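Participant: Take a look at the following structure, please.
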Amino acid sequence: MSNMERFKPMVESMVRKNLATLPGFTAKDLKAECWAAVVAGIKRWDGCKGRLEPWVYTIVSGRIRDLRKKALSQKKGETLLLTSIRKGEPM
């Protein structure tokens, strides 16, 4: 069994649980983001310091958290822009 097959249920579960908090994403998009984060970071994993499972969980959790922060930041930016436009303030 490959590592991807081994961790697929965990990643899919995390995506299902967090998809509602990221309305701009499909499940497929979010899974792709999570796997890309794991692949990009695999060189940082040190087997001497711990098992791969908690490391993958941490990477996926972190990527979802980062995407949520980015979405919230963009939403706040849009709100500020709309507020400025309503008040007639220059941009």
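Read the figures in this text as sums done on the coordinates, not as results from a lab. What you are looking at is a predicted structure, and each value in this text was computed from that prediction instead of being measured. Every residue, glycine as well, gets a Cβ built from its backbone with ideal geometry; the counts of neighbours run over all protein chains shown.
Participant: Identify the residue in the range 59-75 that is of a type outside the set (Gly, Ala, Ser) and surrounded by 15 or more Cβ atoms within 10 Å (Cβ to Cβ) and, among all such residues, is farthest from Cys34 (Cα to Cα).
Facilitator: Checking each candidate, the answer is Leu67.
Participant: Can you pull out the residues in the range 40-68 that are over 13 Å from Met10 (Cα atoms), more than 14 Å from the chain's Cα centre (by Cα) and in a helix (DSSP H, G or I)?
Facilitator: Passing the criteria: Ile42, Lys43, Arg44.
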